[in-house]
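Undergrad: Structure provided below as C-alpha cells; questions to follow.
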Ligand code: C2E
Ligand code: CA
Ligand code: CA
Ligand code: CA
C-alpha cells in the first residue's frame, strides 16, 4: 500500500496531470485530424550552389480548424510516441509521390527531386520497403526522383537491417540523405557502411560558422567527409548571403534556407519556379 502510495503521488501533481491530459487530448485530436484530412505538405526548395533548383523537401503541417497552421515540432513527437506516425508517414509518402508524379508532366519541374522525411518507427517497420515501392508504383512517381531523409539515431538502431533496406530501395533508384548531420551520435565506423547519397549539415553549424571557428571547422570536416565517402553535402538553414558565401567557399554543393525560400504551399512553389 505504501509503495502504491508513492507511485501514485506524481499523479496528484497538478502540473504533471495537466501535461498528461494535454498530451492525451492532442493524441485524440491528431487521430481525428488524420481521418479528417487536415494535414498538408509545404515544399522548401533544395538549391544547387550555382542557383538552379535541384528539388524540394516535403514538410508536413497540420491545418487545424481552430489553431491554424500547426508546425511539425508541435505534433510529430506525440505522433511518434502514439504510433500515429505510421498512418501520418504513409499519408506524407503518398502525397509527396503524387505531387512528384504530377511534376513529371511539366518540363520546368520534371527534373526536380522530392525529399521526404522518414521517422525511425516508420523506417523500422518490416513492410517499409514494400510500402514505398507500392506507393511509387501506384502514383507513377519515378523512384530516381525520390530521396528519403533519415536521421543518425534511426540508422544506428540496427545497422545491418538498415543497410539491407536501403539497398533494396536503392536498387529501385531511391536515394538517401542523412538529415541533421552532426547533431546525432555519428560514428565514423558505421558511416562508410551506409549507402547514403547526401549529408545534410544541421543548421546549428551553419549559424555558428559565421561567428565561431568551431562551427566553421565542423562544416569543413563534414565537407571533406562527404568527398571521401562520395556523398554530396547540403547546408541547411542558410539565411544570409554571408552564410551562403561561406558554405560555397567550403565546398558544399547544395543548400536550403530562408535566404532563397521558406517552405511553400505547392501552388506558390510552382509560381516561384515559373518566375525563375
Ligand atoms: P528538418 O527535416 O530538419 O527540416 C528542416 C526544418 O528547418 C523545417 O522546419 C524548415 O522549415 C526549417 N528551415 C529551413 N530553412 C530554414 C532557415 O533558413 N531558418 C530556419 N530558422 N529554419 C529553416 P519544419 O518544417 O518546422 O520541420 C521541423 C522538423 O519536423 C523537420 O526538421 C523534421 O524533422 C520534422 N518533419 C517535418 N515534416 C515531416 C514529415 O513529413 N515526417 C517526419 N517524420 N518528420 C517531419
Ligand atoms: Ca529533413
Ligand atoms: Ca534537417
Ligand atoms: Ca532539423
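Readers should treat all values here as calculations from the given coordinates under stated rules, not as data from a laboratory. Just so we're clear, the structure is a prediction, and the values are computed from it rather than from any experiment. Positions of Cβ are backbone-derived with ideal geometry, glycine not excepted, and every protein chain shown enters the neighbour counts.
Undergrad: Give the angle, between 0 and 90 degrees and rounded to the nearest 10, that separates the Cα long axis of helix 85-103 from the longest principal axis of the Cα atoms of the chain.
TA: Between the helix axis and the principal axis of the chain, the angle is about 30 degrees.
Undergrad: Classify the range 55-130 from the C-alpha gyration tensor, please: rounded if a/c falls under 1.5, else prolate or oblate depending on whether a/b exceeds b/c. Mind showing how you got there, number by number?
TA: Details: a/c = 2.62, a/b = 1.36, b/c = 1.93.
Here the range 55-130 falls in the oblate category.
Undergrad: If you don't mind, another one. Using the Kirkwood radius built from alpha carbon pairs, what does the Stokes-Einstein equation give as D for the chain at 20 °C and 1.002 mPa s, in µm² per second?
TA: Estimated via Stokes-Einstein, D reaches 106 µm²/s.
Undergrad: Determine by what factor the alpha-carbon radius of gyration of the range 193-276 differs from 2.2 N^0.38 Å, reporting the quotient.
TA: Output field value: 1.18.
Undergrad: Which of 49, 132, 20 moves the most in a Gaussian network model of the chain with Cα springs under 10 Å?
TA: 20
Undergrad: Let me ask something else. Springs between alpha-carbon atoms under 10 Å, Gaussian network over the chain: tell me which of 214, 261, 121 tops the mean-square fluctuations.
TA: In this elastic network of the chain, the residue with the biggest mean-square fluctuation among 214, 261, 121 is 214.
Undergrad: So what is the orientation-averaged projected area of the range 71-114, using the convex hull of its C-alpha atoms, in nm²?
TA: 3.6 nm²
Undergrad: Order by neighbour count: 78, 219, fewest other Cβ atoms within 10 Å first, most last.
TA: Ranking 78, 219 by Cβ neighbours within 10 Å, fewest first, gives 78, 219.
Undergrad: Let me ask another. How big is the Cα convex hull of the range 118-190 in projection, averaged over all directions, in nm²?
TA: 4.8 nm²
Undergrad: Give the order of 28, 174 when sorted by the count of other beta carbons within 10 angstrom, beginning with the fewest.
TA: 28, 174
Undergrad: Normalised by the number of residues in the chain, what is the relative contact order in percent for Cα pairs under 8 Å and 6+ residues apart?
TA: Answer for the chain is 17 percent.
Undergrad: With a Förster radius of 25 Å, plug the Cβ-Cβ distance of residue 259 and residue 214 into 1/(1 + (r/R0)^6) and report the FRET value to the nearest 0.05.
TA: 0.65
Undergrad: Quick one: angle between helix 14-36 and the longest Cα principal axis of the chain, in degrees between 0 and 90, rounded to 10, please.
TA: 60 degrees
Undergrad: Moving on. Binning every alpha carbon pair distance of the range 117-158 at 5 Å from zero, what are the percents per bin?
TA: Result returned by the calculation: 5, 20, 28, 24, 15, 6, 1.
Undergrad: Let me ask another. Taking Cα pairs under 8 Å and at least six residues apart, what relative contact order does the range 36-179 come out at, in percent?
TA: Relative contact order for the range 36-179 comes out at 20 percent.
Undergrad: Take the Cβ-Cβ distance between residue 172 and residue 230 as r, set R0 to 25 Å, and report the resulting FRET efficiency rounded to the nearest 0.05.
TA: 0.80
Undergrad: Shifting gears a bit: Per DSSP H run of n ≥ 4, the term is -39500 (n - 2.57); total these for the chain, divide by its residue number, and report the mean residue ellipticity at 222 nm rounded to 500 deg cm²/dmol.
TA: Result for the chain: -15500 deg cm²/dmol, rounded to the nearest 500.
Undergrad: A further question on this structure: Working out 0.36 nm times the residue gap between residue 63 and residue 21, then minus their Cα-Cα distance, what length gain in nm do you get to one decimal?
TA: Full extension from residue 63 to residue 21 adds 12.9 nm.
Undergrad: Right, something else. How far is helix 159-172 tilted off the main Cα axis of the chain, in degrees rounded to 10, range 0 to 90?
TA: Tilt of helix 159-172: around 50 degrees.
Undergrad: Could you compute the FRET efficiency for residue 110 and residue 50, with r as their C-beta to C-beta distance and R0 at 25 Å, rounded to 0.05?
TA: Computed FRET efficiency for residue 110 and residue 50: 0.85.
Undergrad: Treat the count of other C-beta atoms within 10 Å as a stand-in for reagent exposure and order 190, 254, 185, 43 from fewest to most. Mind dumping the intermediate values first?
TA: Details: 190 15, 254 21, 185 10, 43 24.
The fewest-first ordering by Cβ neighbours comes to 185, 190, 254, 43.
Undergrad: Quick one: among 179, 144, 13, which has the greatest mean-square fluctuation in a GNM of the chain with alpha-carbon springs under 10 angstrom?
TA: With Cα springs under 10 Å in the chain, the top fluctuation among 179, 144, 13 is at 13.
Undergrad: Once you order the gyration tensor axes a ≥ b ≥ c over the Cα atoms, which shape class does the range 13-167 get: rounded for a/c under 1.5, otherwise prolate or oblate by comparing a/b with b/c? Numbers along the way, then the final one.
TA: Values: a/c = 1.98, a/b = 1.47, b/c = 1.34.
Prolate, since a/c reaches 1.5 and a/b exceeds b/c.
Undergrad: Still on this structure, please answer the following. Would you mind computing, in nm to one decimal, how far apart the modelled labels at residue 156 and residue 124 are, each placed 7 Å from Cα along Cα→Cβ?
TA: 1.3 nm
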